[in-house]
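Participant: Once you've had a glance at the structure underneath, I'll fire off some questions.
Read-outs: derived from the displayed coordinates by stated rules, not from any lab. Since we're looking at a predicted model, the values are computed, not measured. No Cβ is skipped: glycine too gets one built from the backbone with ideal geometry, and neighbour counts run over all protein chains shown.
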Amino acid sequence: MKPILTIRDLVKTFGSHTVLQGINLDVHAGDVVSLIGASGSGKTTLLRCVDLLEQFDAGEIRLDGEPMGYRVEAGRRMRLKGRELARQRSRMGMVFQSFNLFPHLTALRNVMLGLTKVRRLPVAEARSIAEHWLDRVGLAGRRDYYPSAISGGQQQRVAIARALAMEPRLLLLDEVTSALDPELVQEVLVTIRSLAETGTTMLIVTHEMRFARQVSTRTVFMDHGAIVEEGEPAVIFGQPESRRLREFLSSMSQ
Amino acid sequence: MQSFLDVLASSSGALLNGLMITIAVSAIAVATGIALGAVFGLALTYGGAVVSFPARMVVDIVRGTPVLVLILACFYMPAGIGLSPGPLTAGAFALAVFCAAHIGETLRGAFLAIPSAQTDAASALGLTFGQTLGYVLVPQAVRQIAPNLVNTAVEIVKASSLLSAIGVGELLLTTQEIIGRSFKTMEFYALAGGLYLAINLVIATGGAWLERRYRLR
């Protein structure tokens, strides 16, 4: 079976600093891949490159075989135009650490925006899809609330509904519980777990080690912009091979 | 000697006409100024060097010049290129440009105050830059500058009195003409002041209502 997402030799630099030094990664349909590693190891940058929010310097990202973000013309790499980038981005969903809901729109309107403007669905249809997804994340009763009137956990669930309503091929989650108060983390993790159980393909950057171990089908450990170890979570967490992974895991369990 | 009320009765038509011109020229200036100010604001924030530089020049020149000088310039300078706008056109244009420069600058501040994460979220959904502007950035910026918008409108109404200098028969010039004939100086200046105040109270009240209605929640 062909992977949904393939990343080959991905290199990303910020000035003279190389943030990603040749990443290779495949994500298959139904995979839940968790990316773990210390702050600054390049996990979030990798996610942002995949979602085309960052440009990258070399290598290739393909979604369903289609090269993302760039085309090669006469041997030269050219960044795609805005409209093309937008079309490619609409096929992936992204959930951010700080939710990033649109503050001037209700929960329902947040979810509807992409449906009406990107997928160009009629308002009535968009509304019923948005209601379905808000219901799915347990927020049917909050659809007419503005983001500032609901809790962080609820905001994050709205953000998840907003991403999923677009029926993305792949859902990218960037430390989605890091900005939440401890008592609100569980409701978001429960939501994500239920998505994993229904076969949503996900690439998850997380600091919740227990969650990563329970929910993911594969775990990838990154350090200094490179993938050091990857495999089944039981192996990564149970029998880490490299010294750096062992050190990281012990620092996380303290 | 006529009483104040007699003069008022005989000149009420002229006064009403002046009041209407003040309201009309201010409304035109504010409406044009908002449209033009939106262009300035977008150019200053998202224009890149080529577009934002000329916009920055215009905005700085306009904001650094007294409104009266701006009005006189708009009235007298077009003759140099063979145009001869009437005082009303020149005056309304000057006020509109003044209004636009202020709104453009305020709008730029409002755009910059929106976290870049909002643009990320919009991009991630697949919105184009134009759609992101229209559905995410502009609605938030407008809510932020609403109080300033009311302020600017009030400033324009007051500044419209300067059009009397180029002979636009607005409220102040009309008042001065009535005083010239009747010598009721105190009474009619007080009346004119009261009328300006009344217009601005209406604007402020309307603005407050709009703000409540479209508050950034």
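Participant: Taking the Cα centre as origin and putting +1 on Lys and Arg beta-carbons and -1 on Asp and Glu beta-carbons, what dipole magnitude results for the stretch B:19-169, to the nearest 20 debye?
Facilitator: 80
Participant: What order do you get for B:45, B:205 when you list them from fewest to most C-beta neighbours inside 10 Å?
Facilitator: Going from least to most buried by this count: B:205, B:45.
Participant: Next up: Pairing the Cα long axis of helix B:67-76 with the longest principal axis of chain B, what angle in degrees results, from 0 to 90 and rounded to the nearest 10?
Facilitator: Around 80 degrees separate the two axes.
Participant: Please give the per residue volume of the convex hull enclosing the alpha carbon atoms of the stretch A:1-117, rounded to a whole number of Å³.
Facilitator: 152
Participant: So how strong a dipole does the stretch A:1-68 carry about its Cα centre when Lys and Arg Cβ are +1 and Asp and Glu Cβ are -1, to the nearest 20 debye?
Facilitator: 160
Participant: Can you give the alpha-carbon Rg of the stretch B:168-217 over 2.2 N^0.38 Å, where N counts its residues?
Facilitator: Compared with the compact-globule rule of thumb, the stretch B:168-217 sits at 1.69.
Participant: What distance in nm lies between label points placed 7 Å from Cα along the C-beta direction at residue B:81 and residue B:69?
Facilitator: A separation of 2.0 nm, rounded to one decimal place.
Participant: Antiparallel as a % of all DSSP beta bridges within the protein assembly as shown, to the nearest 5? Display every interim value, and only then the final one.
Facilitator: Details: 24 of 40 bridges.
If I count the DSSP bridges inside the protein assembly as shown, around 60 percent turn out antiparallel.
Participant: Another one. Please list the radius of gyration and Dmax for the stretch A:143-197, considering alpha-carbon atoms only, with Å as the unit.
Facilitator: 11.3, 31
Participant: Suppose we take every Cα in the protein assembly as shown and form the convex hull; what volume per residue is that in Å³?
Facilitator: 207
Participant: Please grab the % of Cα pairs in chain A that end up more than 28 Å from each other. Intermediate results must be reported in sequence, preceding the final value.
Facilitator: Numbers: 11029 of 32131 pairs.
That fraction is 34 percent.
Participant: Further question: Taking the convex hull of the Cα atoms, report for the stretch B:19-169 its projected area averaged over all directions, in nm². It would help to have the intermediate numbers written out before the result.
Facilitator: Numbers: hull surface 39.0 nm².
Directional mean of the projected Cα hull area for the stretch B:19-169 stands at 9.8 nm².
Participant: Per-residue Cβ counts within 10 Å, from other chains only, averaged over B:113-122: what number is that?
Facilitator: 5
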